[in-house]
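Since the structure comes first, as structure tokens, the remarks are kept for the end.
Please treat every number below as a calculation from the coordinates, not as lab data. Source: prediction; values computed, not measured. Cβ coordinates were reconstructed from backbone atoms using ideal geometry, including for glycine residues, and neighbour counts include every protein chain displayed.
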Amino acid sequence: MTSYAPRKNKEPNATRDLRYKTGLNQYEFWSMVGVTQSGGSRYENGRNIPKPVQELLRLVHVEGLDIQKLKCEDIDVVEYLKSEDPSSYKALKKAAKSWKKSA
């Protein structure tokens, strides 16, 4: 019989440290990835964080992606550009990186 009990998060302090670095409270930090404050508290205290939530944490709080603004068609444009015009994609990627650094 398979056990469905939550596993222990091996590095709860890493998640808490990430939140502290952002300067956000639990509600603000966790709501940006669709997790309740109480759920986030459980993760910070050792409950296993599901892989999709880990990826959302990385995208939002490490990479700085605003998932509220992300649209599927934006991803489609990027994929199209990468496959159909790689040189333009590389040039735009470089320009965007410079633009973001200057902003």
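For region 36-76, which positions are surrounded by 12 or more Cβ atoms within 10 Å (Cβ to Cβ), farther than 20 Å from Thr22 by Cβ and without any contact (Cβ under 8 Å) to a residue 24 or more places away in the chain?
Of everything in region 36-76, just one residue is surrounded by 12 or more Cβ atoms within 10 Å (Cβ to Cβ), farther than 20 Å from Thr22 by Cβ and without any contact (Cβ under 8 Å) to a residue 24 or more places away in the chain, namely Pro50.
When only residues in region 84-103 that are in a helix (DSSP H, G or I) and of a type in the set (A, V, I, L, M, F, W, C) count, which is nearest to the chain's Cα centre (by Cα)?
The first filter runs over region 84-103 and keeps only residues in a helix (DSSP H, G or I), leaving 84, 86-102.
Narrowing further to those that are of a type in the set (A, V, I, L, M, F, W, C): 91-92, 95-96, 99.
Values: Ala91: 25, Leu92: 23, Ala95: 23, Ala96: 19, Trp99: 21 Å.
Residue satisfying both the conditions and the ranking: Ala96.
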